[in-house]
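S.K.: Handing you this structure, nothing more for now.
The values are calculated or read from the model by the stated rules, or taken from the named source; none is laboratory data. In this text the structure is predicted, and so the values were computed from the model without any measurement. Methodologically, a virtual Cβ is constructed for each residue, glycine included, from the backbone with ideal geometry; neighbour enumeration extends over all protein chains shown. With ligands, DNA and RNA removed, areas are computed over all heavy atoms of the protein, side chains included. Shrake-Rupley method; radii C 1.70, N 1.55, O 1.52, S 1.80 Å.
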Amino acid sequence: MTRQLIAGTALALIAGVAAQAQDAPINITTYGGAFGAAVNEAFAKPFTAETGIQTTMVDNDNPPATLKAQVEAGNITSDVFDVEQSDVLRLCDEGLIEPIDPAILPAAADGTPATEDYLPQALHECATAIMVWSTVIAYNTEAFPDSAPTTAADFFDLEKFPGKRGIIKRPKYALEFALLGDGVPADQVYEVLGTPEGVDRAFAKLDSIKDQVVWWEAGAQAPQLLADKEVSMTLAYNGRIFDAIVDEGKPFAFVWDGANLDMDYWVVPMGAPNRDAAMEFIAFASDPARQADLSKYIAYGPPRKSAAASVGTYKDGTTQMAPYLPTTPENAERALVNDAGFWADHDAELTERFNSWLAGA
C-alpha cells in the first residue's frame, strides 16, 4: 500500500512537471520595431490563444550576439531568436543553436511537404525562414513622367533615365546588382561573381555610373534621397519604400527586375529552457496561412510558395499587399536569392576591393 502511494505520488509529480513544461512561457527575441510588432500580431498572440503558452516579445538591436553571449554564459533568457541568414550559418557551425527537424513543420494545404514548399535556402538544419525581404530598384515617378524604368539595365542607362543613382555602400547587393544590370541571369550571378573575370565585370558596370552615384548606408536614407530628389532612382529596402508610398503618400514606385531577396530566420539557442515550446511556436509560425498573415502588418513576403495566394490586404483594410511583396510570383520571377554561403567565403576580399575602388585606387 505504501509503495502504491509512493508510486502514485511520483507519477503525479512527473505529470505535474510535464504540464508545467508544456505550459511554460517563452520569450521571443527579434530586432523589434515594426517587425517585432508584426510578429506579435501575426504569430505570438494567436499562438498563445491556441496553445495557452504565454509569449513575451523582446526587442534587441543584435539578437545573434545576444544569443551567443547567453549560450556561452549558460544563462539563456529567450527561447526563440530572429537572426539573419549569415548568422544562421555561423551560429550553427559553432554549435550554438538547436537543430530543427523539418518533420515538425506543417505541410501545405494540398499536402506538399514543407521541405518542398519553402523557397530555396529558406530551410536550414538549424533554422527556418520567417519572411523574405528585398533590396529593389525604387524611383520617383515625378522624375520619369513619360517612360518609367522596368529593368535592372535601365538603372544604368543615364541617357534614357537621367538623374543620380542611390546604391548601398557595401559590396553585397551592389556587385550582384551590377551583374544583373549587365545581363547576367539571376541563376548564374554567383557563379560569375566567384571568378576574377566576373568581379572585374561587376566593377566595370559600376564604373559606368560611378560619378552619378550617391552612396547610402542606413535604410532610411534611400527613401529620403528620393523624396529630396537628390536621386531619381535608388536601390532600397522594399519595406521602407512601401511605408513611404502607403503611409506617407510619396510618389514612388518599384522595379522588381533584379530584386535581391534575403531572409530572416527562427532559431532556438542550444539548451533553451523551454525548447519544446519553442519548437511548437516555430511549427505554428511556419504554417503557410499564418505566414501570409504576417504580410497584413508589414511588407515582407512569406518564405513558403503556397502562402502567396493567401496574402490579402494591409492592416488598413484596403491596400492589396501582393504588388508590394518580393515573393509575389510576378515580382520574384527575375529576382536573385541572396547566397549567404557565398558571402561567408568571399566577403573579406570583396569588401577590401570595394573599399579600394571607392577610394579610387
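S.K.: Suppose we keep just the DSSP beta bridges with both residues in the chain; what percent of those would be antiparallel, to 5?
M.R.: Working: 26 of 41 bridges.
Beta bridges within the chain, antiparallel portion: roughly 65 percent.
S.K.: As a test of the formula, what do you get for the chain when each DSSP H run with n ≥ 4 contributes -39,500 (n - 2.57) and the sum is divided by the residue count, at 222 nm and rounded to the nearest 500 deg cm²/dmol?
M.R.: Computed ellipticity for the chain at 222 nm equals -11500 deg cm²/dmol.
S.K.: I've got another one for you. Report the number of Lys pairs in segment 177-308 whose alpha-carbons are under 24 Å apart, with separation of 8 or more residues or on distinct chains.
M.R.: Pairs that pass both the separation and distance tests number 5.
S.K.: Still on this structure: Using +1 on the beta carbon of Lys and Arg, -1 on that of Asp and Glu, and nothing else charged, what's the dipole of the chain about the Cα centre, debye to 20?
M.R.: 560
S.K.: Among the complete DSSP H segments of the chain, which ones combine at least 18 Å of alpha-carbon extent along their axis with a mean Kyte-Doolittle hydropathy of 0.5 or more?
M.R.: Membrane-span-like by this rule: 2-23.
S.K.: Could you give P(r) for segment 35-98, binned at 5 Å from zero, as whole percent values over all Cα-Cα pairs?
M.R.: Final binned percentages: 3, 16, 25, 21, 17, 14, 4, 0.
S.K.: In addition: Which of ALA218, LEU350, GLY301 sits farthest toward the positive end of the charge dipole of segment 206-361, with +1 on the Cβ of Lys and Arg and -1 on the Cβ of Asp and Glu?
M.R.: Sorting the options by dipole projection puts first GLY301.
S.K.: Count neighbours as other Cβ atoms within 10 Å of each site's Cβ, and list the GluC sites (Glu not before Pro) in segment 94-130 that are DSSP loop with at most 15 such neighbours. Could the numbers behind the result be given before it?
M.R.: Working: sites: GLU94, GLU116, GLU125; in loops: GLU94, GLU125.
Here the GluC sites (Glu not before Pro) that fit, given the DSSP loop and packing criteria, are GLU94, GLU125.
S.K.: Then there's this: Cross-link candidates for LYS68: which lysines have Cα within less than 26 Å, leaving aside residues fewer than 8 places away along the same chain?
M.R.: LYS172
S.K.: Taking a temperature of 37 °C and a viscosity of 0.692 mPa s, what whole-number D in µm²/s does Stokes-Einstein yield for segment 64-190 with Rh from Kirkwood over alpha carbon pairs? Each step should come with its number before you reach the end.
M.R.: Numbers: Rh = 18.5 Å.
So the translational diffusion coefficient is about 178 µm²/s.
S.K.: Related question: Specify whether the C-alpha gyration tensor of segment 115-177 places it in the rounded, prolate or oblate class, a ≥ b ≥ c being the square roots of the eigenvalues: rounded for a/c under 1.5, otherwise prolate if a/b is larger than b/c and oblate if not.
M.R.: prolate
S.K.: When you count, for each residue, the other Cβ atoms within 10 Å and take the mean per peptide, how do 347-357, 183-193 rank with the highest first?
M.R.: Result, highest mean Cβ count within 10 Å first: 183-193, 347-357.
S.K.: Then there's this: Could you estimate the translational diffusion coefficient of the chain from the Stokes-Einstein equation, with Rh from the Kirkwood formula over C-alpha pairs, at 10 °C and 1.306 mPa s, in whole µm²/s? Intermediate values should be presented prior to the final figure.
M.R.: Numbers: Rh = 22.0 Å.
It diffuses with D of about 72 µm²/s by this estimate.
S.K.: Something else: Treating only the Cβ atoms of Lys and Arg (+1) and Asp and Glu (-1) as charged, compute the dipole magnitude of segment 19-171 about its Cα centre; round to the nearest 20 debye.
M.R.: 540
S.K.: If eta is 1.306 mPa s and T is 10 °C, what Stokes-Einstein diffusion coefficient results for segment 66-125, Kirkwood Rh from Cα pairs, in µm²/s? Before the final figure, lay out the partial values.
M.R.: Details: Rh = 13.3 Å.
Rounded, D is 120 µm²/s.
S.K.: In addition: Report the equivalent ellipsoid semi-axes for segment 295-361 in whole Å, largest first, defined as the square roots of five times the eigenvalues of the gyration tensor built from alpha carbon atoms.
M.R.: Details: eigenvalues 256, 42, 20 Å².
Equivalent-ellipsoid dimensions as semi-axes: 36, 14, 10 Å.
S.K.: What percent of all Cα-Cα pairs in segment 29-139 falls in each 10 Å bin, counting up from 0?
M.R.: Final binned percentages: 12, 37, 40, 10, 1.
S.K.: Could I ask something else about it? Regarding segment 232-361, what are the three Cα extents along the principal axes, ordered largest first, in Å?
M.R.: Between the extreme Cα coordinates on each principal axis of segment 232-361 lie 53, 46, 26 Å.
S.K.: Sort MET321, MET270 from largest to smallest accessible area, using a 1.4 Å probe on the heavy atoms of the protein chains.
M.R.: Result, largest first: MET270, MET321.
S.K.: In square angstrom, what is the accessible area per residue of segment 213-348 with a 1.4 angstrom probe?
M.R.: Value returned for segment 213-348: 38 Å² of accessible area per residue.
S.K.: Considering the alpha-carbon set of segment 144-230 alone, what are its Rg and its Dmax in angstrom?
M.R.: Calculated on Cα positions, Rg and Dmax stand at 13.4, 40 Å.
S.K.: Go through VAL83, ALA335, ALA244 and say which Cα lies farthest out towards the positive end of the charge dipole of the chain; charges sit on Cβ, +1 for Lys and Arg, -1 for Asp and Glu.
M.R.: Most positive-ward Cα: ALA244.
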